[in-house]
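A.B. asks: Here you go, one structure.
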Amino acid sequence: MSVLQFSRRQDVIAEEPAIVEIDKPIPLKFKPVERLKQSGLPKRLRKYFIILASMALVLAYPVLVLQANHIDDDLTFPESINQNWSSPWAGVGTQILLREANVHGWTPDAPAWSPSARLTAMPAYQMAIAHAVGDFAELVNQQMGEPADTSLNSVALLLSRDVSANEIRAASEALTSFDGGVRLRRFDDSMTTVQYAQRIELLISWMRQSEAELSSIVDSAKGQPFDRDAVEAVYRSKARAYMAHRFVSYMKAPAGLSIRSEMEASLKALEKGAKFSPVFVLNTKADGLLLASHPTALYRQLLEAERVLSNMAQTVRAQSL
């Protein structure tokens with residue numbers, strides 16, 4: 001048997017390339033460790049943006065407060081009462097309440113964070129309007145007796161003390177219901193001469209209430225021009241004058257009653273109180289020489305309004321004899 005002999009191949013080892021030295025080696029590019037970290041520019045931009053946004057909000061908030069403040073003393077509102085409402089006073093009260101709650105926003109129960117919550121004059125003004133409508137509804141309810149007990153008594157209860165927006169809307173619905181009853185002749189909203197005089201005397205009581213508040217504010221003046229209590233008293237008094245003007249404008253005098261000149265004088269005097277609108281209420285001393293005392297000025301105007309309303313009530317009662 002023959003044996004094949006295989007030749008063993010010699011391991012071939014590649015030769016390493018010769019090292020060539022370069023006179024000018026190419027420099028390696030490298031970044032320091034600090035540059036390898038993320039750039040801080042976006043963080044700084046975010047920080048500046050937050051600062052600027054915060055400053056914008058701080059500066060814009062007072063502007064929003066001023067925009068929220070709206071004292072509506074329009075003496076042509078509401079329109080078409082005699083055409084659309086069977087009970088004119090109920091129509092006036094309903095329309096004004098809904099205007100304040102739905103159009104301007106009811107500020108007395110505004111959320112603490114909202115610009116409206118920073119207001120002083122408007123909440124006092126709106127609350128006095130609600131109380132005035134409630135007072136008038138209570139008087140009419142007393143004059144009418146049991147037939148109107150359900151709706152008008154509800155209005156009087158809803159519009160007493162602290163009033164919320166929901167209570168305003170509920171009272172408006174009750175007044176609308178009462179007006180529907182007058183239209184269907186379930187209620188008789190006509191007035192005798194004595195009842196007309198009683199309604200005028202209610203307005204006189206509002207003037208006296210305002211005079212007492214303003215007099216107290218004037219007596220307690222400490223010489224400091226800005227006073228929150230003075231602002232509230234002035235705008236409550238302004239609201240009562242406004243509502244008195246609106247009710248007198250639409251109250252239908254009983255047949256045969258001659259009070260045209262007295263009514264014109266009353267409306268003219270009430271208009272001055274309703275339109276009393278200082279830019280800032282200053283509560284300095286009444287005899288101050290440098291700055292005005294707005295509570296004192298409004299007090300004098302309402303004193304005149306009380307005088308002409310009293311004259312009107314006396315004339316009405318004289319003609320009822």
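The values are calculated or read from the model by the stated rules, or taken from the named source; none is laboratory data. Please read these numbers as outputs of a predicted model, since none were measured by experiment. Using ideal geometry, Cβ is built from the backbone for each residue, glycine included, and neighbour counts are taken over all protein chains shown. Areas reflect the complete protein model, heavy atoms only, side chains present, ligands, DNA and RNA absent. Shrake-Rupley method; radii C 1.70, N 1.55, O 1.52, S 1.80 Å.
A.B. asks: If we scan region 162-170, do we find a residue that is open to solvent by 60 Å² or more (accessible area, probe 1.4 Å), touching a residue at least 60 places away in the same chain (Cβ under 8 Å) and either of a type in the set (Asp, Glu) or farther than 14 Å from Gln95 by Cα (or both)?
C.D. replies: The answer is no; no qualifying residue exists.
A.B. asks: Counting only residues that are closer than 16 Å to Asp73 by Cα and of a type in the set (Gly, Ala, Ser), give me the helices (runs of 4 or more DSSP H) lying completely in region 88-167 with at least 1 of them.
C.D. replies: Output list reads 88-98, 121-144.
A.B. asks: Sort out which residues of region 228-238 are out of contact with any Asp or Glu (no Cβ under 6 Å at 6 or more places or on another chain) and crowded, with 20+ Cβ neighbours inside 10 Å, and write them in order of number.
C.D. replies: Hits for region 228-238 are Ala230, Val231, Glu232, Val234, Tyr235, Arg236, Ser237, Lys238.
A.B. asks: Let me ask another. Given the conditions (1) open to solvent by 50 Å² or more (accessible area, probe 1.4 Å); (2) farther than 19 Å from Val133 by Cα, which single one is not true for Ser215?
C.D. replies: Result: Ser215 passes all but (1).
A.B. asks: Moving on to the next point. Could you figure out which of (1) under 29 Å from the mean Cα position of the chain (by Cα); (2) open to solvent by 20 Å² or more (accessible area, probe 1.4 Å); (3) under 21 Å from Gln198 (Cβ atoms); (4) modelled with pLDDT under 95 isn't true of Ser249?
C.D. replies: Going through (1) under 29 Å from the mean Cα position of the chain (by Cα); (2) open to solvent by 20 Å² or more (accessible area, probe 1.4 Å); (3) under 21 Å from Gln198 (Cβ atoms); (4) modelled with pLDDT under 95 one by one, Ser249 breaks only (4).
A.B. asks: Go through Leu97, Leu119, Leu152, Leu158 for me and flag whichever is open to solvent by 30 Å² or more (accessible area, probe 1.4 Å) and in contact (Cβ under 8 Å) with a residue 12 or more places away in the chain.
C.D. replies: Every option except Leu158 fails the conditions.
A.B. asks: Now, a different point. Which condition does Ser205 not pass, out of (1) of a type in the set (Ser, Thr, Tyr); (2) in contact (Cβ under 8 Å) with a residue 24 or more places away in the chain; (3) within 15 Å of Ala128 (Cα to Cα), if it passes all the others?
C.D. replies: All conditions pass for Ser205, except number (2).
A.B. asks: Which of the residues belonging to region 171-186 are open to solvent by less than 50 Å² (accessible area, probe 1.4 Å) and either β-branched (Val, Ile, Thr) or assigned to a loop (DSSP other than H, G, I, E, B) (or both)?
C.D. replies: Hit for region 171-186 is Val182, nothing else.
A.B. asks: Tally time: how many residues in region 163-218 are among the polar types (S, T, N, Q) and farther than 24 Å from Pro108 by Cβ?
C.D. replies: Qualifying residue count, region 163-218: 7.
To keep it simple, each residue is scored yes or no on (1) within 24 Å of Ser190 (Cβ to Cβ); (2) in a helix (DSSP H, G or I); (3) open to solvent by 10 Å² or more (accessible area, probe 1.4 Å); (4) of a type in the set (Lys, Arg).
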{"residue": "Arg240", "(1), (2), (3), (4)": "no, yes, yes, yes"}
{"residue": "Met243", "(1), (2), (3), (4)": "yes, yes, no, no"}
{"residue": "Leu257", "(1), (2), (3), (4)": "yes, no, yes, no"}
{"residue": "Gly273", "(1), (2), (3), (4)": "no, yes, no, no"}
{"residue": "Ser277", "(1), (2), (3), (4)": "no, no, yes, no"}
{"residue": "Arg300", "(1), (2), (3), (4)": "no, yes, yes, yes"}
{"residue": "Ala313", "(1), (2), (3), (4)": "yes, yes, no, no"}
{"residue": "Arg317", "(1), (2), (3), (4)": "yes, yes, yes, yes"}
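A.B. asks: Could you check Pro78 against (1) assigned to a loop (DSSP other than H, G, I, E, B); (2) open to solvent by 10 Å² or more (accessible area, probe 1.4 Å) and say which number it fails?
C.D. replies: Of everything listed in (1) assigned to a loop (DSSP other than H, G, I, E, B); (2) open to solvent by 10 Å² or more (accessible area, probe 1.4 Å), Pro78 misses just condition (2).
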